[in-house]
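K.L.:
The structure follows.
Read-outs: derived from the displayed coordinates by stated rules, not from any lab. Keep in mind that this is a model prediction, so the values were computed, not measured. Neighbour counts are summed over all protein chains in view; Cβ atoms, including those assigned to glycine, are modelled from backbone coordinates with ideal geometry.
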Amino acid sequence: MSLRLNIEKILDNAENLNEKLNSFLSIEREYALERADKLEKNFSDKKQTIHGVAIAVKDNICTKFTQTSCGSRILGNYRPQYNATAVEKLLDAGAIIVGKTNMDEFAMGSSNENSAFGSVKNPWDTTRVPGGSSGGSAVAVASGVVRAALGSETGGSVRQPASFCGIVGLKPTYGRISRYGLVAFASSLDQIGIFGQTSKDIAEVLSIIAGRDAHDATTADITVPDYVGELNKDIKNKKIGVPRALFGEGLDEEVRNSVEQAIENYRKLGAEIVEMELPHSKYSLAVYYIISPAEVSSNLARFDGVRYGFRAEGAHTLREMYNLTREEGFGAEVKRRIMLGTYVLSSGYYEAYYAKAQKVRALLKQDFMNAFEKCDAIITPTAPTTAFKIGEKSDDPLAMYLSDVYTASTNLAGIPGISVPCGLSSENLPIGLQLVGKNWSENILLNLANVYENEFPLNAKPQITVDGKL
Ligand code: GLN
């Protein structure tokens, strides 16, 4: 099939499924077909390792050929002047970006219900959420429209939706992938992450977008390993740590059983299972919900109706224009975070909340460093539950925040984590296991994930996919 026809089919799939799933905020038919034609003419370029591969990109990652809304009214159809480095690198490698995906507003949320443009539906059960905040990218992959998609992670926004949608999701080490062009939520935690139908899809994309970038001083000049080449390495004698004390309160029984089974499966594959502890992990959400809103209150100050996107009508003074624009432009969750952040940074409270949280963050990180003296990776559930019903937690922010109880600590520590499907619940909903590793150990995580997928595949598919099978 010609590249053009292939991309046309993918665009048709994206459009047809979008009516049911709402995973794309924009589908770039004209742009993608034009690019397909151009690529077809230059087929000889050997550097293009993903020549003609369709990829979806979360709508908080800048693309100069189309909108970057962050799922927010305040940006609306704002169009950036430049491509994010990750996007630029994918294009150089021959990718075709077919659309921008739906998300919780400014990546704040765990269900996609905070999008200003409507919820995304889970293709396994459309009465349920896909997880968030990168739910649109997760669904674009899970429903089979694309093999891989970019998302973003601040506290679990790639791994948790990957788990809810039965696919693989990676949050890399802080500094592995450039954040240039990723709209800031909480800069000390944010990373671009990757969804794939398999770990191999992720390994391929990561090989392309990882590495030092002159535009992002927090990227590291550390060799990018051969992620694809290491996927099938023997995992015998790899040590996997189990912090069993965390498998307690709030953990769904079926999720627990499934992850316990996965631990047994790893043992059968030759890995050594070691019991260990992460004593400060119980504070991770408390710390996360102080540090991330603090950074939000600063990062989101730039959206004032002057520089980007939406400006409210009817204001008589400059201050009124700022106020009205932010009042009408931001949704409830974003406002909640801005207020929380402003509060924890305010004089008199800074020491008690923000400074204290930073100290606990250091302890959390130290826990992981100690743990990695004894093991190569740590296994936990990705999320405490399977996909919940749309509306079930939307009025209860604290219940929603618990979705990230197993993931937020890794963002705080800066280390990488991956979610891999490991089973189905009695309601036929996917369950994910999480593997966490030390800095720059994405190769080990992908290897462990790939071996698991091959030996213990999910053998089930969502109700709604492009052709009923993947
Ligand atoms: N669910 C978390 C939050 O609402 C994490 C979001 C994310 O990783 N972007 O902040």
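K.L.:
Give me the number: length gained by fully extending D234 to Y349, i.e. 0.36 nm times residue separation minus the C-alpha to C-alpha distance, one decimal in nm.
P.N.:
Numbers: separation 115, 0.36 × 115 = 41.40 nm, distance 5.12 nm.
Value of the extension gain: 36.3 nm.
K.L.:
How much length is gained on full extension from S188 to A286, taking 0.36 nm per residue of separation minus their Cα-Cα distance? Provide the component values of the computation, followed by the final result.
P.N.:
Values: separation 98, 0.36 × 98 = 35.28 nm, distance 1.62 nm.
Computed gain between S188 and A286 is 33.7 nm.
K.L.:
Which is farthest toward the positive dipole end of the stretch 127-272 among L269, H215, I192, measuring Cα position about the Cα centre, with Cβ charges +1 (Lys, Arg) and -1 (Asp, Glu)?
P.N.:
L269
K.L.:
If I take R0 = 41 Å and measure r between the Cβ atoms of A399 and R267 in this structure, what FRET efficiency does the formula 1/(1 + (r/R0)^6) give, to the nearest 0.05? If you can, show how the numbers build up before the last one.
P.N.:
Values: r = 34 Å, r/R0 = 0.83.
Approximately 0.75, to the nearest 0.05.
K.L.:
Mean residue ellipticity at 222 nm from the helices of the chain, using -39,500 (n - 2.57) per DSSP H segment of n ≥ 4 over the full residue count, to the nearest 500 deg cm²/dmol?
P.N.:
Here the helix-only value at 222 nm equals -11000 deg cm²/dmol.
K.L.:
Continuing with this model, one more query. Where nothing but the Cβ of Lys and Arg (+1) and of Asp and Glu (-1) is charged, how large is the charge dipole of the stretch 135-278 around its Cα centre, in debye to the nearest 20?
P.N.:
On the way: 15 positive and 19 negative charges, 60 e Å.
Dipole about the Cα centre, nearest 20: 300 debye.
K.L.:
Rounded to whole Å and sorted largest first, list the principal axis extents of the Cα atoms in the chain.
P.N.:
Sorted largest first, the three principal extents are 68, 64, 45 Å.
K.L.:
What pairs in K64/K461; K171/K359; K282/K356; K9/K100; K100/K171; K121/K282 have C-alpha atoms more than 25 Å from each other?
P.N.:
Table pairs above 25 Å Cα-Cα are K64/K461; K121/K282.
K.L.:
Can you figure out the FRET efficiency of N454 with K374, using R₀ = 22 Å and their beta-carbon distance, to the nearest 0.05? Intermediate values should be presented prior to the final figure.
P.N.:
Working: r = 27 Å, r/R0 = 1.22.
Efficiency, rounded to the nearest 0.05: 0.25.
K.L.:
So how strong a dipole does the chain carry about its Cα centre when Lys and Arg Cβ are +1 and Asp and Glu Cβ are -1, to the nearest 20 debye? Before the final figure, lay out each step's value.
P.N.:
On the way: 51 positive and 56 negative charges, 133 e Å.
In total the dipole reaches around 640 debye.
K.L.:
Once fully extended, how much extra length lies between T342 and D252, figured as 0.36 nm per residue of separation less the alpha-carbon to alpha-carbon distance? Mind showing how you got there, number by number?
P.N.:
Working: separation 90, 0.36 × 90 = 32.40 nm, distance 3.45 nm.
So the chain would gain 28.9 nm between T342 and D252.
K.L.:
Once you place label points 7 Å from the Cα toward the Cβ at K356 and N428, how far apart are they in nm?
P.N.:
Spacing of the two 7 Å Cα→Cβ label points: 4.8 nm.
K.L.:
In nm, to one decimal, how far is the modelled label at H316 from the one at K41, with both set 7 Å along Cα→Cβ?
P.N.:
The modelled label-to-label distance comes out at 5.8 nm.
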